[in-house]
Amino acid sequence: MIEVRSVSKTYGKKSNVFVALDDVSFEIPDGASIAILGKSGSGKSTLMHAMSGLDRPEKGQIVVDGEDILKLKRKAVDHFRATEMSFIFQSFFVQANETCYDNVSLPLEIARVPKRERKEKVLRALKAVELDDKIKSKARNLSGGQKQRLAIARAIVNQPKILFADEPTGNLDSTTGETIENLLFAYNKKFGTTLIIVTHDDDLAEKCDIQIRIKDGKIESTTKSKPSQKATKDGAHKVPLGHHRRIQ
Amino acid sequence: MKRRDIIRRAGRSLRQAKTRTLLTSFAIAVGAFTLTVSLAAGEGSRQYANKLIGSNINPQALFIVKDKNFFGGGQSQSGLRDYDPNATTNRAGVAIKQLTQDDVTKLQKRSDLTDVQPLYQLTIKYLVVAGSDKKFTADVSRYDDTVRNESSSGSLPPLGQQIGDDELVMPQSFADTLVSENVIKNSADIIGKKITLTVTKPSQQPTDAQIKQALTSKNPTAAIAQLTNGVSKDVSFVVSALTKQSSTNLSFTSAVQIAPSQAQQLFDYTTLGTSNYQKYAAVTALASGSNKPEDVKAALAQAGYPSQTAHDLQNLLFTIVNILQGIVAGFGVLALFASVFGIINTQYISVLERTQQIGLMKALGMPNKDVAKLFRYEAAWIGFLGGVIGSGVAWGVGTALNPVITDKLSLGTGNSLLIFQPLPVIILIVVLMLIAVVAGYLPARKAAKLDPIEALRTE
Ligand SMILES: Nc1ncnc2c1ncn2[C@@H]1O[C@H](COP(=O)(O)OP(=O)(O)OP(=O)(O)O)[C@@H](O)[C@H]1O
Ligand SMILES: [Mg+2]
């Protein structure tokens, strides 16, 4: 369970203050999938950074399993991120000069997983994203979709409780994007991992349990998809109430 | 992240920027090269000096004086100072106390010393080689049997044994002069030839009676000249050997050398009645039996006689070697100093280039101190690489050039100027790694302080 309680984040000094997050509050149940939607510059990434403890908002609490991570020491937050969370970034951030194996192994090394346990985990993660034939390839030789799959392998290798994905399909064509989406949701279902996806893509957002809309740093609306709607991929069933604005 | 993984990742990052890594480490390699050579040359020189002293000087030998300024070159004394009848003032204006016959007797009586012999240094009027009337002048000293001498012609007694009373030894260069002056044909011809030394008794204040007698003689002018000129005496010797100077021959005496008893007689003759009579600048002796020269030296110092042992001579040589080594090492240190800036620069660029990677690692929960460690280990790798390249090249080139150097400096076969030892080189490499780590401190701190969100924003 993740509780975001009246989180505010401002940038800049007195004369030039910019409120990026303004009194944001919501709850995410364990194992849920959440979409954070909003226009560019609305504060989606800022919210994600705050929730993961990467950034420290001035006000509010981020309570994960009963503990306010904003009150933890830097080291404890680092440890928390290394063991319980992982990230998928919009622009992959795979290490182009390293092999797929080393890319995926990085979070395990950071979490100080012993070497002999690493190999099995890395192989399992690469198999899950169907990159097990590219173990020794340099990441720079992968296609865009393969890179993002590698990023997913890196994100799931440590079996995190919470997985953040910032526009995971933003740079991909629709079919490849769909593959990535399926991978993420499959993982979310299989392991009960809380999935937090930042996206522009309404279709992707529809597949999530909860949609949180942000505008100018404030929560505009929070909607929940019905389980039946989420289960099917048929667009016709997906028309939810209150979502008519997005449907042409 | 575990240390091993950090080191592995650090190495990998460097491999990905091969050219830059190599170029940066070359700067250190220059320093490492110079320092390795200086270490090897120092070791080689010390071993060589040891060998020289070991094979040339009786390890029991002591060189005893009265005035410790003798060893320090003396203090230049220019003010008004106490008159000391037992001091001589050399040309540099240095007063050095001399040993008197009393001192010599005292030393001879000591049980921890044997073979106590004053150093006779005398000047002769001239010397003449039999069969020629050409007159030469030279310094005369006693033959030193505590030092190994090498002969180019004739034969010398082994170390510790004196030459005969009627024998004379002189340097090869003296014989060469005789050849060029047409006194002899070949330098070897001098062996077995007779040489006559003419020494003068110093003129003395004539007594009233002597003056009166001279004035009343048949030829007063000649008589007075005779009276004030002093008396001379001729002593003859047979040349038994020519000594040669070689690089393994440590203390080469550039004087005509005769047996100590002969030298003493001549010295007494030439100094009788002067203030130098039975005064000696120094005495040589051997520590007797199982007495250690160092212990005897301490005992002598207590008794008021400063002395030097073979070991001191070695230390003197070592001091010179150390100074030379220090100069070479100084250049190496300068090169290292320059390379430090190279490392700082390279590492800063590396941090900038990898901002995104640093951001990612931090986002994945890598603690700041591990990020700093990653960059410090990278610097250490650069130091290691530079050290190995520099020392390796120095070792290889030095080993290859050693025979040439030995030949050029005529060090004698089996001697090498450059002696490479693994331990100092390993220590050097470790030190270089530490220096590199220190140089990488600031860039590593920059990496550690990087804001992960900012870092992830940069594309
Ligand atoms: N370091 C900063 N200093 C000042 N303003 C900032 C800083 N970081 C972000 N902002 C501002 O905060 C707002 C929210 O930024 P954020 O990155 O969260 O947007 P976003 O919703 O993720 O947009 P996008 O969809 O384009 O990624 C933006 O207006 C941005 O300009
Ligand atoms: Mg964003």
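The figures follow:
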| item | result |
| --- | --- |
| Gap separating the Cα centres of segment B:1-68 and segment A:136-195, nearest whole Å | 53 |
| Volume per residue of the C-alpha convex hull in segment B:367-435, rounded to whole Å³ | 73 |
| Sites A:LEU72 and B:LYS449, calculated FRET efficiency, Cβ-Cβ separation with R0 30 Å, nearest 0.05 | 0.95 |
| Shielding score for A:111-123, defined as the mean number of other chain Cβ atoms within 10 Å | 1 |
| Relative contact order %, segment B:120-280, counting alpha carbon pairs below 8 Å whose residues are six or more apart | 37 |
| Per DSSP, loop trypsin sites (Lys or Arg not before Pro) in segment B:1-76 with at most 16 further Cβ within 10 Å | B:LYS2, B:LYS68 |
| FRET efficiency, 1/(1 + (r/R0)^6) with R0 25 Å, evaluated for A:LYS218 and A:GLU3 via beta carbons | 0.90 |
| Segment B:SER236-B:THR399, length gained on full extension (0.36 nm per residue, minus Cα span) | 53.4 nm |
| Entries in B:LYS125/B:LYS194; A:LYS71/A:LYS215; B:LYS362/B:LYS446 that, when Cα-Cα distance is taken, lie over 19 Å | A:LYS71/A:LYS215 |
| Peptide A:86-97 - average C-beta neighbours from other chains (10 Å radius) | 4 |
| Segment B:120-280: Cα Rg divided by the 2.2 N^0.38 Å rule of thumb | 1.22 |
| Fraction of beta bridges assigned by DSSP in segment B:120-280 that are antiparallel (%, nearest 5) | 70 |
| Estimated [θ] at 222 nm from DSSP helical runs (n ≥ 4, -39500 (n - 2.57)) normalised by residues in chain B, nearest 500 | -17500 deg cm²/dmol |
| Three principal axis lengths of the protein assembly as shown [C-alpha, angstrom, descending] | 159, 54, 45 |
| Within-12-Å neighbourhood charge of B:GLN347 [Cβ basis; K, R +1; D, E -1] | +3 |
| Listed pairs B:LYS212/B:LYS233; B:LYS66/B:LYS135; B:LYS134/B:LYS212; A:LYS75/A:LYS136; A:LYS9/A:LYS147; A:LYS73/A:LYS190 exceeding 28 Å between Cα atoms | B:LYS66/B:LYS135; B:LYS134/B:LYS212; A:LYS75/A:LYS136; A:LYS9/A:LYS147; A:LYS73/A:LYS190 |
| Candidates A:ILE36, A:ILE110, A:ILE212, ranked by Gaussian network fluctuation over chain A, Cα under 10 Å, top entry | A:ILE110 |
| Around B:ALA303: net Lys/Arg minus Asp/Glu count, Cβ-Cβ under 15 Å | +2 |
| Diffusion constant of segment A:40-132 at 20 °C, which comes from Stokes-Einstein with the Kirkwood Cα-pair radius and 1.002 mPa s, µm²/s | 140 |
| Extension reserve of the A:ASP23-A:LYS59 stretch, reckoned as 0.36 nm per residue once the Cα distance is removed | 12.1 nm |
| Simple spin-label estimate for B:GLN108 and A:ASN182 in nanometres, 7 Å along Cα-Cβ | 11.6 |
| Within 10 Å of each Cβ in B:353-361, the average number of Cβ atoms from other chains | 3 |
| Segment B:374-459, relative contact order [Cα under 8 Å, separation at least 6], % | 51 |
| Contour excess over end-to-end distance, with Cα ends at B:GLU150 and B:LEU215 and 0.36 nm allotted per residue | 17.9 nm |
| Given 10 as the ceiling on other Cβ atoms within 10 Å, longest exposed-site-free region of chain A for trypsin sites (Lys or Arg not before Pro) in DSSP loops | A:137-248 |
| Shape call, chain A: gyration tensor on alpha carbons, a/c limit 1.5 | oblate |
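FYI, it's all coordinate maths here, none of it is from the lab. As the structure is a computational prediction, the values presented were derived from the model and not from experiment. Note that we place each Cβ from the backbone using ideal geometry, even for glycine, and neighbour counts take in every protein chain shown.
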